Amino acid sequence: MTVTIVGSQLGDEGKGALVDRWGGDADVVVRYQGGDNAGHTVVEDGTEYKLSLVPSGAVRDKIGVLGNGCVVNPRTLFDELDDLREQGLDPDVRIARRAHVIMPYHRVLDGVEEETKADDESGQEVGTTGRGIGPTYEDKAGRRGVRIADLLDPDALRERLSYVVPQKRALAEEVYGLDVSTGEHASAFDVDHLVAEYGQHGARMAEEDMTVNCSDFLHERRQAGDDLLYEGAQGTMIDVDHGNFPFVTSSNPTAGGAAVGSGVGPTVVGQGEVVGIVKAYLSRVGSGPLPTELDGTDREEELADYIREKGGEFGTVTGRPRRIGWLDVPMLRHAARVSGFTGIAVNHVDVLAGLDELKVCHAYELDGERIETVPATTEEWARCEPVFREFEPWSEDADWDAAVAEGGDALPDETQAYLTYLAEELDTEVYAVGVGPDRAETVELANPFDRL
Ligand code: IMP
């Protein structure tokens, strides 16, 4: 059976802790989209593991799979694996042969396109992580990408690169005016250099028996009775189809992506559980609207600073301070519908303790009309005025340890009222409540694997 974990908002909802927790009940943890733009922090017995590519289940001795829907930077992959090994872990990671490879020229082009957009007054800059994600997915859709399987076949690798690199060089030089013949970018556009380096990455993958035909591999594991946990990266509002286009990532973090991005049928994913991870407030890295953003007045900025510091809201991958806003329920209704949530987990409720006001955006006013979900365009979303509901804040003295030990009834009454409201609005159940960064600091109300 499968459990799929999906970010309900803009990424950084604290998915890692739950994937790690429930991953303990799975046999295989699968990433189905994204690459090293993701930032998962898993805290185990006070030790922090920062992962951007390796599935977080690998910290718990599970098989971690990077599905065909992922884009893989082999340099990052091996750096992370080597670091984890140095920390005493022995991660078992398999990579789909159909997954696409992030090449050095993708990163250069990601950077230079963002710079160009930043210089343009129309405000098109996405604020990407600079990891080459967009350009790699472009090449996949454009049928000129390099796949993991190509790294295992030096002739195929040379053939693909001989076609694509001159195009990339022309793009860099003629469109973006970059000198790539000499200097820091030269090796990123040099076919011989790339064939040599990426052929070696392929050789290491073959030596460590890491590559799989993902669909067959997962089929065999399921036949053998294994349970799968799908680990979505990023979140619904940065999904390339369902998010806030163009301020999105280039893949599908929503639950449909799990089927396409791993070669397991939608009926399999749909018979399982789909859990939306919600942060009790909003944070956003990068550009784009945020209707509930706390940035209008000095008092709002103070509140945002307080939440940012207390919640450690700085990008895991880039270190950038995250923008902060109140919880946005229209966004969650949209997420619940797109992915078909069977349950939610609400994280970071401890960060909101001790506030003297607590608001939730219940609906939007758009051009004089009240709406309950997110409109299709960024321009409309930017015009949405939040219609807030006030909630009773919970105290700084809340006894979270008691709630972890005794269950949901031991949560403060105010927190319970907030969670009941959310469950009713999303027509789903709350499975877990995060009350601190450590995996143990979770009040578990239901384990999705027990629901199957
Ligand atoms: P890209 O995925 O690097 O192309 O960036 C596209 C957008 O998605 C930018 O706004 C990024 O800040 C955002 N983004 C990408 N990965 C994450 C993530 O793991 N958490 C939150 N935002 C992300």
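The values are calculated or read from the model by the stated rules, or taken from the named source; none is laboratory data. This is a predicted model, so every value here is computed, not measured. Counting neighbours? That spans all protein chains shown, and the Cβs are built from the backbone with ideal geometry, glycine included. When the accessible area is computed, the model is the full protein with side chains, heavy atoms only, and any ligands, DNA or RNA have been set aside. Shrake-Rupley method; radii C 1.70, N 1.55, O 1.52, S 1.80 Å.
Computed quantities for the displayed model
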| read-out | value |
| --- | --- |
| Karplus-derived HN-Hα couplings along the stretch 105-120 (A = 6.51, B = -1.76, C = 1.60, θ = phi - 60°), whole Hz, x at Gly and Pro | 5, 5, 5, 4, 5, 4, x, 6, 5, 4, 4, 5, 5, 5, 6, 8 |
| Binned Cα-Cα distances of the stretch 1-94, short to long, each 5 Å bin given as a whole percent | 3, 14, 26, 30, 19, 7, 1 |
| Prolate/oblate/rounded call for the stretch 114-262, Cα gyration tensor, a/c under 1.5 rounded | oblate |
| Sum of -39500 (n - 2.57) over DSSP H runs of 4+, divided by residues of the chain (222 nm, nearest 500) | -10500 deg cm²/dmol |
| Check: the chain dipole with +1 on Lys, Arg Cβ and -1 on Asp, Glu Cβ, in debye | 1880 debye |
| Phi-based couplings in Hz for the stretch 155-167 (Karplus 6.51, -1.76, 1.60; Gly and Pro marked x) | 5, 5, 4, 5, 4, 4, 5, 5, 6, 8, 4, x, 5 |
| Whole-angstrom gap from the stretch 154-230 to the stretch 71-114, using each part's C-alpha centre | 10 Å |
| Percent of C-alpha pairs per 20 Å bin, the chain, short to long | 26, 56, 18, 0 |
| Additional length obtainable on full extension of the chain from Gln271 to Glu424, 0.36 nm per residue less Cα span | 52.8 nm |
| Size of the stretch 278-451 as Cα extents on the principal axes (Å, biggest first) | 47, 35, 33 |
| FRET efficiency, Asn213 to Asp61 (Cβ-Cβ, R0 22 Å, nearest 0.05) | 0.40 |
| Degrees between helix 413-426 axis and first principal axis of the chain (Cα, 0 to 90, nearest 10) | 60 degrees |
| Over 29 Å (Cα to Cα) - which of Lys117/Lys310; Lys50/Lys310; Lys50/Lys279 fall in this group | Lys117/Lys310 |
| Carbon and sulfur %, accessible surface of the chain computed with the full protein complex present, 1.4 Å | 43 percent |
| Accessible area per residue in Å² at 1.4 Å probe, computed on the stretch 101-205 | 50 Å² |
| Hypothetical label at Glu301: residues of the stretch 309-348 whose amide nitrogen lies under 15 Å (7 Å Cα-Cβ projection) | 323-324 |
| Residues in the stretch 299-320 that a label on Glu396 would reach, taking backbone N under 17 Å of a point 7 Å out along Cα→Cβ | 302-312 |
| Extended-chain gain in nm, criterion 0.36 nm per residue less alpha-carbon gap, Asp367 and Ala196 | 55.8 nm |
| For Phe314, distant residues with modelled amide H under 5 Å away | Arg322 |
| Fraction in percent of alpha-carbon pairs per bin - 10 Å, the stretch 191-273 | 16, 30, 29, 22, 2 |
| Inter-part distance where the stretch 308-373 and the stretch 395-452 are each reduced to a Cα centre, Å | 16 Å |
| Cα long-axis angle, helix 214-223 against the chain (0 to 90 degrees, to the nearest 10) | 50 degrees |
| Spin-label pair Asp120/Ala186, simplified geometry with 7 Å Cα→Cβ offset, distance in nm | 3.2 nm |
| HN-Hα J in Hz across the stretch 382-388 - Karplus 6.51, -1.76, 1.60, θ = phi - 60°, x for Gly and Pro | 5, 8, 5, 9, x, 9, 8 |
| Rounded to the nearest 10 Å², the accessible area of Ser56 at probe 1.4 Å | 0 Å² |
